[in-house]
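Visitor: I am attaching a structure below and will ask some questions about it afterwards.
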């Protein structure tokens, strides 16, 4: 009986060790600012934020209004996406920090609008992402990744909008 327990423990330890080595294989952006963690997330070393690699459109296949964007983030926390339970809708400042006019990551689905975000992120998603910031009762703020401009849109509008969930990097060693 002790042998079986030991064998099972050893097998589990081997599997866990294997998972750690898979997770240890990361890919960095050309400028070393971003690290693809291999679990659907990307670490931004400049802001110490962890982003979902794919925006909500690439992840779910649906455009979202602002209320749905909030629900989407809530669902990520309920399922523990990438083993994290503290995902947030980003602020407009956090979103704007991703915009880099010198970089291109495909174009918005169904349009020729270039998306200026590091190529390490998922390709050809939404060019307009909702933030947590509101602008009055009926509108919310987002960022357009073609220009880096802020937009104010009706919270009920799904017009080619999505979000990209974020969390604060707290796993420092």
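Visitor: Considering only strands (runs of 3 or more DSSP E) fully contained in segment 93-173, which possess at least 2 residues that are crowded, with 20+ Cβ neighbours inside 10 Å and in contact with a strand residue (DSSP E or B) (Cβ under 9 Å, 6 or more places away or on another chain)?
Guide: 128-135, 139-144, 166-168
Visitor: When you scan segment 10-18, do you find a residue that is out of contact with any strand residue (DSSP E or B) (no Cβ under 7 Å at 6 or more places or on another chain) and at pLDDT 75 or above, even just one?
Guide: Within segment 10-18, none of the residues are out of contact with any strand residue (DSSP E or B) (no Cβ under 7 Å at 6 or more places or on another chain) and at pLDDT 75 or above.
Visitor: Please list, ordered by first then second residue, the pairs with beta carbon atoms under 6 Å, 6 or more apart or interchain, first in segment 77-89 and surrounded by fewer than 15 Cβ atoms within 10 Å (Cβ to Cβ), second at pLDDT 95 or above.
Guide: Final answer for the pair search is 85/77; 86/167.
Visitor: Another question, if that's okay. Quick one: residue 64 ticks every box in (1) part of a loop (DSSP other than H, G, I, E, B); (2) surrounded by fewer than 19 Cβ atoms within 10 Å (Cβ to Cβ) bar one, so which box is it?
Guide: (2)
Visitor: On the basis of being within 15 Å of residue 169 (Cα to Cα) and part of a loop (DSSP other than H, G, I, E, B), does residue 31 make the cut?
Guide: It is false that residue 31 is within 15 Å of residue 169 (Cα to Cα) and part of a loop (DSSP other than H, G, I, E, B).
Visitor: Moving on. Quick check, is residue 3 more than 23 Å from residue 116 (Cβ to Cβ) and modelled with pLDDT of 95 or more?
Guide: In short, no.
The values are calculated or read from the model by the stated rules, or taken from the named source; none is laboratory data. The structure presented is a predicted model; accordingly, all values stated were derived computationally and were not measured. Quick reminder, even Gly has a Cβ in these numbers, built from the backbone with ideal geometry, and neighbours come from all protein chains shown.
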